């Protein structure tokens with residue numbers, strides 16, 4: 001599915017200005033930021049009640065076939081039932097529970113059909129099985145279809161789609177004929193929408209998984225890390241999670257709660273001081289020695305720990321002066 005369906009709450013932002021600038025130049029100024037795919041948090045790994053976190057998907061193609069009885073139908077028809085495995089998401093699949101040729105109690109898993117439609121405008125949609133098998137005649141409603149393969153070559157001429165309602169059949173080799181034309185509906189399956197304006201291109205039959213069905217755009221940029229030592233590198237990698245930390249208690253909470261934070265900073269005690277080096281945006285080397293983790297975060301956030309200490313000392317000295325003035329005024333009153 002598209003990026004609009006991603007839950008960015010569980011995504012980590014990619015802070016690469018050069019890469020973002022290259023993508024904006026290629027795709028447009030509408031690209032605001034870059035994200036890594038959403039992943040599960042450490043504390044929700046073993047929680048069965050936690051929501052499903054990851055890249056959202058939808059079944060496509062929506063037409064499926066039973067490998068035992070050759071039944072051809074959509075996932076919305078109710079012929080195939082979705083079987084989910086809570087602990088093994090890779091085993092989630094559609095099954096044909098009403099198969100008449102199933103062996104034993106195990107129901108066969110449905111297979112995705114191997115034929116799709118695509119056009120030059122980048123649209124991709126399901127193959128029109130009902131219209132194709134009836135060949136411009138009135139289609140049966142409802143239509144019961146089968147898709148059978150004869151032989152072991154897998155050639156389109158050996159694959160026949162048949163309507164059991166009217167006994168009409170047609171070979172899939174006709175779908176690749178130059179005289180066969182399909183109107184493109186302007187479908188974007190990953191966005192779950194159709195274009196408002198009709199597509200002027202004619203759709204052509206392609207195979208599922210064909211190399212010409214998808215052409216990716218690869219962009220790269222030179223990444224210059226700002227970290228100069230191990231601690232600085234860890235802070236840079238976890239900056240999005242720890243940039244709002246204001247106290248040592250919050251650091252202790254992060255270490256106890258989040259496994260990734262505990263695993264990354266286990267060699268750096270929170271209360272002890274550490275050597276820290278970080279390159280600034282002006283490529284100048286800024287090395288600090290003898291700082292705790294909290295002081296390091298305050299420095300990176302623009303909150304100087306030395307400035308805060310000086311303010312505290314100034315406040316203490318002002319209070320001391322005020323107390324001395326009050327004491328001197330009391331002495332004067334007593335003498336009078």
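The values are calculated or read from the model by the stated rules, or taken from the named source; none is laboratory data. Bear in mind the structure is a predicted one, so any value in this text is a computation, not a measurement. Note that each Cβ is placed from the backbone with ideal geometry, even for glycine, and that neighbours are counted across all protein chains shown.
What to note about this one:
- Residue 146 being assigned to a strand (DSSP E or B) and under 28 Å from residue 195 (Cβ atoms): no
- Cβ separations smaller than 7 Å between residues 6+ apart or across chains give the following pairs from the stretch 178-203 residues that are free of Cβ contacts under 8 Å to residues at least 40 places away in the same chain to residues that are in a loop (DSSP other than H, G, I, E, B): 194/185; 194/186; 198/186.
- Whichever residue in the stretch 1-15 is part of a helix (DSSP H, G or I) and in contact with a strand residue (DSSP E or B) (Cβ under 9 Å, 6 or more places away or on another chain) and, among such residues, is farthest from residue 61 (Cα to Cα): 8
- Filtered residue count, the stretch 16-32, keeping only those that are loosely packed, with under 14 Cβ neighbours inside 10 Å, at pLDDT below 85 and either touching a strand residue (DSSP E or B) at 6+ places or on another chain (Cβ under 6 Å) or part of a loop (DSSP other than H, G, I, E, B) (or both): 0
- Filter result for residue 113 (in the same structural domain as residue 82 (by TED's automatic domain parsing), in contact with a helix residue (DSSP H, G or I) (Cβ under 9 Å, 6 or more places away or on another chain) and surrounded by 18 or more Cβ atoms within 10 Å (Cβ to Cβ)): yes
- If you go through the stretch 135-153 and pick out every residue that is crowded, with 16+ Cβ neighbours inside 10 Å, under 21 Å from residue 67 (Cβ atoms) and modelled with pLDDT under 85, you end up with 0.
- The set of residues in the stretch 79-103 that are within 23 Å of the chain's Cα centre (by Cα) and part of a loop (DSSP other than H, G, I, E, B) comprises 84, 85, 86, 87, 88, 92.
Here's the yes/no breakdown for (1) assigned to a helix (DSSP H, G or I); (2) farther than 22 Å from residue 60 by Cα; (3) within 26 Å of the chain's Cα centre (by Cα):
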{"residue": "105", "(1), (2), (3)": "no, yes, no"}
{"residue": "116", "(1), (2), (3)": "no, no, yes"}
{"residue": "121", "(1), (2), (3)": "no, no, yes"}
{"residue": "125", "(1), (2), (3)": "no, no, yes"}
{"residue": "131", "(1), (2), (3)": "yes, no, no"}
{"residue": "136", "(1), (2), (3)": "no, yes, no"}
{"residue": "141", "(1), (2), (3)": "no, yes, no"}
